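What follows draws every value from the coordinates through simple rules; no lab data is involved. No experiment lies behind these values; they were computed from the predicted model shown. We place every Cβ from the backbone using ideal geometry, glycine too, and count neighbours over all the protein chains shown.
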Amino acid sequence: MWDKRRFATYIASNLCFDASTLRRWIKRVRDRGVTLPIYIGLAGPLDRTRLVKVATKIGVWESARFLSGHLGWFLRTSAPGGYDPSRLLERSASALADPASIIEGVHLFTFNQIRQSEQWRQSMLASRSWEGSSRSRAWP
């Protein structure tokens, strides 16, 4: 990112499912002096079947290294009620709201679950007071 900062206008992060990892990553980016706005890569609502299909298609099953480092996450996420993008945003709220983080919004990965993702997005917009925020167009 440091080398690309002169050519880019923003950063879109990879998917992240862990609030503490996300907060540490944002801090590392800012500690390095990168000041580009960030869009957080966020998976939309996924049912367990879709999660397993996506993981298989992107090669997660073949990666022993991934599973050894993320097995607990995968088990929690694939359990009933395990993954909810709202919880990740809520657990990351302090870092996302910090003006020093320069978080511009989210990049929502839908995994072809467009209807569910849009329903979730509309629900988030209706339940939060994003209006007043300079970031209201982007969140979530």
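Taking other Cβ within 10 Å of each residue's Cβ, how do Asp31, Asp18 sort, fewest first?
Fewest-to-most Cβ neighbours within 10 Å comes out as Asp31, Asp18.
Counting only residues 5 or more places away or on other chains, whose amide H sits under 5 Å from the amide H of Ile103 once H atoms are built in the peptide plane? HN-HN under 5 Å from Ile103: Ile38.
For the listed peptides 37-47, 5-15, a ranking on the average number of other beta carbons within 10 Å per residue, highest first, reads 37-47, 5-15.
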